[in-house]
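The values are calculated or read from the model by the stated rules, or taken from the named source; none is laboratory data. Predicted model, so just to flag it, every value in this text is computed and none were measured. Here Cβ is always computed from backbone atoms with ideal geometry, including for glycine, and neighbour counts include all displayed protein chains.
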Amino acid sequence: MSRPLSDQERRKQISIRGIVGAESVAELKRGFNRHLHFTLVKDRNVATPRDYYFALAHTVRDHLVGRWIRTQQYYYEKDPKRIYYLSLEFYMGRTLQNTMINLGLQNACDEAVYQLGLDMEELEEIEEDAGLGNGGLGRLAACFLDSMATLGLAAYGYGIRYEYGIFNQKIRDGWQVEEADDWLRHGNPWEKARPEYMLPVHFYGRVEHSASGAKWIDTQVVLALPYDTPVPGYMNNTVNTMRLWSARAPNDFNLRDFNVGDYIQAVLDRNLAENISRVLYPNDNFFEGKELRLKQEYFVVAATLQDIIRRFKASKFGSTDSVRTVFDSFPDQVAIQLNDTHPAMAIPELMRIFVDIEKLPWDKAWDITKRTFAYTNHTVLPEALERWPVNLVEKLLPRHLQIIYEINQRHLDHIASLFPNDVERLRRMSLIEEGDTKRINMAHLCIVGSHAVNGVAKIHSEIVKTQVFEDFAELEPEKFQNKTNGITPRRWLLLCNPGLAELIAEKIGEDYVRDLSQLTKLHKFVDDDLFIREVAKVKQENKVKFALYLEKEYKVKINPSSMFDVHVKRIHEYKRQLMNCLHIITMYNRIRRDPAKLFVPRTVIIGGKAAPGYHMAKMIIKLINAVAQVVNNDPVVGSKLKVIFLENYRVSLAEKVIPATDLSEQISTAGTEASGTGNMKFMLNGALTIGTMDGANVEMAEEAGEENLFIFGMRVEDVTELDRKGYNAQLYYDRLPELKQAVDQIKSGFFSPNDPNLFNDVVNMLFHHDRFKVFADYEAYVKCQEKVSELYLNSKAWTKMVIRNIAAAGKFSSDRTIKEYARDIWHVEPSDLKIPPPNEPRDAGQDKTPNGTAA
Ligand code: D6G
């Protein structure tokens, strides 16, 4: 067995973060100084740390530009099938370090920054997160962009450039307080505005029918201004584009018609139009039927489809027969993936373009539309499914409502022909739901208008097929697919956990970064004592580092040799942070009951944002903080148990806490968490999972072996059975004394002595309307936690289980997920064709502009 390498030796040997050449370092330093001077207009006497961050960001960006232009040129010349990922959320986080890693510049930049006498980590910390997402759905979109670029797909992300992303969460007196996320305040060096590609988007108005077809007239126009952000693949010279639209009022806004003369008021009213891209709706897994949100959804769709069609017409496939574009090859050239139903209006919008503007016959337009779209379902929670009121759509998008009605009529006629006299089935499958308010079921629209529908983990796709959309699956079984989610190993290993990434590279080489299935090669080191020690050492270093961060930023001290038990994700009843809280109280009571008894020290870390309008979620945050207050200040407990509420959990904080975690909490009620992706990040970073058989946990257990996770609680079948029998929380409370004690403490004000009734709503919910059955899983959860503590005492056995988990994490690369989308839905091959680096000579075709004319 070899001796352990020093950090320095390791660095030299491993090039996954780039090779350091003296010349490249010198060039980076020159770039940095040039940008400090010309771009920031500063010298080192007056430059602030932020100036240094911007100088470095611009230097790194310079290395993207040539590759970006080349990639896009190549797409124009070769006309590969374009993949469009439409999403209301792209939760990108920070860009600097990710760019350095994907371009292989990390080590060289480290060295350059060091030679300049600056601190790389300090500069990286200055960058704001691009928080244009709520949670898993938005972060998935970001991971997919990374994988699509890494696999060389001609892909684009299309979304909204929110001026304010997800709010910043402050904790004041234990309560969540929201602050606006003014992420663009200091400018964004990673985006390029493209006012030359600005496009109009229409709202309101009315429809006029004549012999020549339908005309949507008297509309209000808002302009969509695109901002492009480069998306580099990992070490392959491919740079794709994420195009985010910003709303701009036309210069004659409110001046033309009714507001003539009131120039000042008209200028002030420009805000009304521009509010469309002002702020991200902060709901995760919850539908809030606000008009402004519907405007956002149509805004991104309308601008994007114009752009897609413009690009199609510029391609060799968008040929014209005398006057009209031939759209027959459109679905062979264009795939549009709908990230949940949020961009569902794309379906009637494409129909409107084809039928009203391009004058295609309905049937042909519908065939092309269906073959173009695919829909990803992200949740089966009824409160999350979008159902827009018909009268709202009628006012905002009158022509689209007519088209939706027409789609529905033909759809229902078809079903009626297959199932005569089955009125109940027609009602269930209609796109329109009758009732007090008539609503459009957007999931039904997406299913009908797409050629593929997928869930995001096996168990979820099964529920989609057999329960929620059963009738649709019966009608078209071949449409329904599964695409288990994934995460990008670049950000979620190389970037956030360099120690572990390099240790793995030492053992199995570097190719695993692009082919994560190679992690299985680690299986042969499960019994290698040195490797076990090294894995444990990296974890310990990460824990110490995180503890120092908490001490510095939040003035809280934690014990780095305690077990870090981490539950970070949005706060939601179905994710059951309350069950974790009951476990904390149970541990606390046990320590107090018998202080001399052996207790495996734990630091329980819970973090996540509550939607600002979600009362119960906010109460859960307050409760966790109230419990923390009592537990952390009880001298009997001492350092055995600490409870930390991690403020403002977001992508950049996930990058810090996940590599430092020992135990990952994935405890949603079976059947509620569609996939989860946090679960995968923890697995890859050497945490063990305590979890239910829900979402992708099921597949994690399949990959690693159930004995290598701490699986507990009801399965989906058990939940269904309990629903059938009727869930009675009182029974568990009466039977389980420790549960009773914990609940009584919450109820009696033990954790809120100044306001004993503070948690009445929470307790009342747990007893009388807990849809997620916390009490039913409490006992199994607590018992499973005992097993966790027992194993933690045996550090070697723990670490061996960790290694088995890392070795089994390969499936959860988003590269694997994207390959499956490419093969089964988009029908494209990941390209192994290398885009040459920007300093290589250009070949002849590259001197052409996109239109084919000489530059
Ligand atoms: C990106 C990169 C840039 C390219 C531009 C337009 O900003 O090099 O010219 O996209 O691309 P299309 O929208 O014409 O594809």
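Would you pick out the residues in the stretch 546-565 that are within 27 Å of MET619 (Cβ to Cβ) and surrounded by fewer than 24 Cβ atoms within 10 Å (Cβ to Cβ)?
Answer for the stretch 546-565, where residues must be within 27 Å of MET619 (Cβ to Cβ) and surrounded by fewer than 24 Cβ atoms within 10 Å (Cβ to Cβ): LEU550, GLU553, TYR554, LYS555, VAL556, ILE558.
Looking at (1) surrounded by 24 or more Cβ atoms within 10 Å (Cβ to Cβ); (2) touching a Leu at 6+ places or on another chain (Cβ under 7 Å), find the lone condition where ASN339 falls short.
Here ASN339 clears every test but (1).
Out of the strands (runs of 3 or more DSSP E) lying entirely within the stretch 563-650, which hold 1 or more residues that are of a type in the set (S, T, N, Q)? Talk me through it step by step, then tell me what you get.
Numbers: elements: 563-568, 602-607, 641-646.
Filter on the stretch 563-650 gives 602-607.
Determine, yes or no, whether LYS557 is more than 30 Å from MET765 (Cβ to Cβ) and assigned to a loop (DSSP other than H, G, I, E, B). Let's see the steps before the verdict.
Working: more than 30 Å from MET765 (Cβ to Cβ): yes; assigned to a loop (DSSP other than H, G, I, E, B): yes.
Criteria met by LYS557.
If only one of ALA660, ALA704 is in contact (Cβ under 8 Å) with a residue 40 or more places away in the chain, touching a Pro at 6+ places or on another chain (Cβ under 9 Å) and closer than 22 Å to LEU522 by Cα, which one is it? Outline the logic, then answer.
On the way: ALA704 fails: touching a Pro at 6+ places or on another chain (Cβ under 9 Å).
None of the others qualify; the one that does is ALA660.
Look at the stretch 466-508 and say how many of its residues are closer than 27 Å to LEU431 by Cα and among the small types (Gly, Ala, Ser).
Of the residues in that region, 1 qualify.
Being without any contact (Cβ under 8 Å) to a residue 12 or more places away in the chain and within 12 Å of the ligand (Cβ to nearest atom) is the filter here, so list the residues in the stretch 301-324 that pass it.
Once the filter is applied, which keeps residues that are without any contact (Cβ under 8 Å) to a residue 12 or more places away in the chain and within 12 Å of the ligand (Cβ to nearest atom), the stretch 301-324 yields only ARG310.
Count, please, the residues in the stretch 346-364 that happen to be in contact with a strand residue (DSSP E or B) (Cβ under 9 Å, 6 or more places away or on another chain) and buried (at least 18 other Cβ atoms within 10 Å of the Cβ).
Matching residues across the stretch 346-364 total 7.
Taking the stretch 205-224 only, how many residues are touching a residue at least 60 places away in the same chain (Cβ under 8 Å), surrounded by 13 or more Cβ atoms within 10 Å (Cβ to Cβ) and not aliphatic (A, V, I, L, M)? Give the derivation first.
Filtering the stretch 205-224 down to residues touching a residue at least 60 places away in the same chain (Cβ under 8 Å) leaves 205-207, 213-216, 222, 224.
Next, only the ones that are surrounded by 13 or more Cβ atoms within 10 Å (Cβ to Cβ) stay: 205, 207, 214-216, 222, 224.
Imposing the further condition that a residue be not aliphatic (A, V, I, L, M) reduces the set to 205, 215-216.
Matching residues across the stretch 205-224 total 3.
Please enumerate the residues belonging to the stretch 483-499 that are of a type outside the set (Ser, Thr, Tyr) and either free of Cβ contacts under 8 Å to residues at least 40 places away in the same chain or in contact with a Lys or Arg (Cβ under 8 Å, 6 or more places away or on another chain) (or both).
First, the residues of the stretch 483-499 that are of a type outside the set (Ser, Thr, Tyr): 483, 485-487, 489-499.
Once the filter is applied, which keeps residues that are of a type outside the set (Ser, Thr, Tyr) and either free of Cβ contacts under 8 Å to residues at least 40 places away in the same chain or in contact with a Lys or Arg (Cβ under 8 Å, 6 or more places away or on another chain) (or both), the stretch 483-499 yields GLY486, ILE487, TRP492, LEU494, CYS496, PRO498.
Pairs needed: first member in the stretch 414-427, loosely packed, with under 10 Cβ neighbours inside 10 Å; second member anywhere, part of a helix (DSSP H, G or I) and not aliphatic (A, V, I, L, M); C-beta distance under 6 Å; at least 6 residues apart or different chains.
Listed pairs, sorted by first residue: none to list.
Residues in the stretch 138-182 that are closer than 21 Å to ALA610 by Cα, among the charged types (D, E, K, R) and assigned to a loop (DSSP other than H, G, I, E, B): how many?
4
If we only count strands (runs of 3 or more DSSP E) wholly inside the stretch 183-266, which ones have 2 or more residues that are within 16 Å of the ligand (Cβ to nearest atom)?
Numbers: elements: 199-203, 206-210, 213-217, 220-232, 239-248.
Here the list reads 220-232, 239-248.
What single numbered condition from (1) more than 12 Å from the ligand (Cβ to nearest atom); (2) buried (at least 23 other Cβ atoms within 10 Å of the Cβ); (3) not in a strand (DSSP E or B) fails to hold for THR71?
Unmet for THR71, out of (1) more than 12 Å from the ligand (Cβ to nearest atom); (2) buried (at least 23 other Cβ atoms within 10 Å of the Cβ); (3) not in a strand (DSSP E or B): (1).
Might you let me know whether the stretch 321-328 holds any residue that is at pLDDT 95 or above, surrounded by fewer than 17 Cβ atoms within 10 Å (Cβ to Cβ) and farther than 30 Å from TYR649 by Cα? Before you say what the answer is, go through the steps one by one.
Taking the stretch 321-328 first, the residues at pLDDT 95 or above are 327-328.
Still in the list and also surrounded by fewer than 17 Cβ atoms within 10 Å (Cβ to Cβ): 328.
Remaining after also requiring farther than 30 Å from TYR649 by Cα: 328.
Yes, that holds for at least one residue.
Filtering the stretch 43-78 down to residues that are of a type in the set (Lys, Arg) and more than 25 Å from ALA822 (Cβ to Cβ), which residue is farthest from the chain's Cα centre (by Cα)? Break it down stepwise before answering.
Taking the stretch 43-78 and keeping what is of a type in the set (Lys, Arg), we get 44, 50, 61, 67, 70, 78.
Applying the additional criterion that residues be more than 25 Å from ALA822 (Cβ to Cβ) yields 44, 50, 61.
On the way: ARG44: 38, ARG50: 27, ARG61: 24 Å.
Ranking the candidates gives ARG44 first.
In this structure, does ASP284 turn out to be part of a loop (DSSP other than H, G, I, E, B) and not polar (S, T, N, Q)? Show your work before the answer.
Numbers: part of a loop (DSSP other than H, G, I, E, B): yes; not polar (S, T, N, Q): yes.
Judged against the criteria, ASP284 is a match.
Does GLN169 count as under 27 Å from the mean Cα position of the chain (by Cα) and away from the ligand (no atom under 16 Å from the Cβ)? Break it down stepwise before answering.
Values: under 27 Å from the mean Cα position of the chain (by Cα): yes; away from the ligand (no atom under 16 Å from the Cβ): yes.
Criteria met by GLN169.
Got at least one residue in the stretch 287-295 being within 16 Å of the ligand (Cβ to nearest atom), more than 23 Å from the chain's Cα centre (by Cα) and modelled with pLDDT of 95 or more?
Scanning the stretch 287-295, I find no residue that is within 16 Å of the ligand (Cβ to nearest atom), more than 23 Å from the chain's Cα centre (by Cα) and modelled with pLDDT of 95 or more, so the answer is no.
Restricting attention to the stretch 293-305, does a residue exist that is assigned to a helix (DSSP H, G or I) and in contact with a Gly (Cβ under 8 Å, 6 or more places away or on another chain)?
In the first step, residues of the stretch 293-305 are kept if they are assigned to a helix (DSSP H, G or I); the result is 293-305.
Keeping just the survivors that are in contact with a Gly (Cβ under 8 Å, 6 or more places away or on another chain) gives 300.
Yes, that holds for at least one residue.
Could you identify the single residue in ALA149, ALA141, ALA180 that is more than 16 Å from the chain's Cα centre (by Cα), hydrophobic (A, V, I, L, M, F, W, C) and away from the ligand (no atom under 16 Å from the Cβ)? Write out each step before concluding.
Working: ALA149 fails: away from the ligand (no atom under 16 Å from the Cβ); ALA141 fails: more than 16 Å from the chain's Cα centre (by Cα).
Selected residue: ALA180, the only one of ALA149, ALA141, ALA180 that is more than 16 Å from the chain's Cα centre (by Cα), hydrophobic (A, V, I, L, M, F, W, C) and away from the ligand (no atom under 16 Å from the Cβ).
Just to check your reading of the model, which residue among THR59, THR39 is surrounded by fewer than 19 Cβ atoms within 10 Å (Cβ to Cβ), under 29 Å from PRO837 (Cα atoms), away from the ligand (no atom under 16 Å from the Cβ) and of a type in the set (Val, Ile, Thr)?
Values: THR59 fails: surrounded by fewer than 19 Cβ atoms within 10 Å (Cβ to Cβ).
Only one candidate qualifies: THR39.
Among the residues of the stretch 786-806, are any surrounded by 13 or more Cβ atoms within 10 Å (Cβ to Cβ) and modelled with pLDDT under 95?
The answer is no; no qualifying residue exists.
Could you list, in sequence order, all residues of the stretch 79-99 that are more than 19 Å from the chain's Cα centre (by Cα) and within 13 Å of the ligand (Cβ to nearest atom)? Don't jump to the end; show me each part of the working.
Filtering the stretch 79-99 for residues more than 19 Å from the chain's Cα centre (by Cα) gives 79-82.
Selection gives ASP79, PRO80, ARG82.
Being touching a strand residue (DSSP E or B) at 6+ places or on another chain (Cβ under 9 Å), within 30 Å of GLU89 (Cα to Cα), away from the ligand (no atom under 16 Å from the Cβ) and part of a helix (DSSP H, G or I): is that true of ASN275 here? Write out each step before concluding.
Values: touching a strand residue (DSSP E or B) at 6+ places or on another chain (Cβ under 9 Å): yes; within 30 Å of GLU89 (Cα to Cα): yes; away from the ligand (no atom under 16 Å from the Cβ): yes; part of a helix (DSSP H, G or I): yes.
Against the criterion (touching a strand residue (DSSP E or B) at 6+ places or on another chain (Cβ under 9 Å), within 30 Å of GLU89 (Cα to Cα), away from the ligand (no atom under 16 Å from the Cβ) and part of a helix (DSSP H, G or I)), ASN275 qualifies.
Conditions (1) buried (at least 19 other Cβ atoms within 10 Å of the Cβ); (2) free of Cβ contacts under 8 Å to residues at least 60 places away in the same chain; (3) in contact with a strand residue (DSSP E or B) (Cβ under 9 Å, 6 or more places away or on another chain), marked per residue:
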site	(1), (2), (3)
ALA149	yes, no, yes
ALA154	yes, no, yes
PHE167	yes, no, yes
TRP175	no, no, no
GLU191	yes, yes, yes
